[in-house]
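Peer 1: Supplied in structure tokens, the structure appears directly below.
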Amino acid sequence: MLGAEITATQEDVARWVKEGRHDILQYAWVYEHMGGVADLWFSPKTGDEIGRCPFVRKHPNRNTYFCRIYDTRPQVCRDYKPFSGEYNDVCEDR
Ligand code: SF4
């Protein structure tokens with residue numbers, strides 16, 4: 001699944017603001033006029049879509065992946081199998 005097909009809820013965005021997670025928010029395209037929902041993930045430098053989640057990481061020496069923002073990951077990743085773009089379905093591990 002491509003990055004722009006992942007959305008953040010108003011609650012996700014509000015939580016990241018409250019937590020001061022600018023490292024996450026910089027990758028979100030927030031629609032203020034729509035109550036603060038957001039599309040994910042976009043390059044902070046170019047504004048272009050990123051084809052994979054910037055927070056998925058590979059375990060060293062293992063062929064598995066984990067989520068760097070697991071405790072505050074977007075609701076969509078809590079409700080469904082996590083989407084990670086090119087690593088689709090492989091970032092469920094912490
Ligand atoms: S669960 Fe996967 S897709 Fe969702 S934020 Fe974490 S690394 Fe990214």
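A short reminder: the numbers here are calculations on the coordinates, not readings from a lab. Given the structure is predicted, the values throughout are model-derived calculations rather than measurements. When we count neighbours, we look across all protein chains shown, and the Cβ atoms used for this are built from the backbone with ideal geometry, even at glycine.
Peer 1: For a quick check: with amide H placed at 1.01 Å from N, whose amide H comes under 5 Å from Ala8's, ignoring anything fewer than 5 positions away on the same chain?
Peer 2: Long-range HN contacts for Ala8: Ala38, Asp39, Leu40.
Peer 1: Estimate the FRET efficiency between Asp71 and His33 by the formula 1/(1 + (r/R0)^6), using the beta-carbon distance for r and 25 Å for R0, to the nearest 0.05.
Peer 2: 0.30
Peer 1: Put a dot 7 Å past each Cα toward the Cβ at Asp79 and Thr64; how far apart are the dots in nm?
Peer 2: Result for the modelled spin labels: 2.7 nm.
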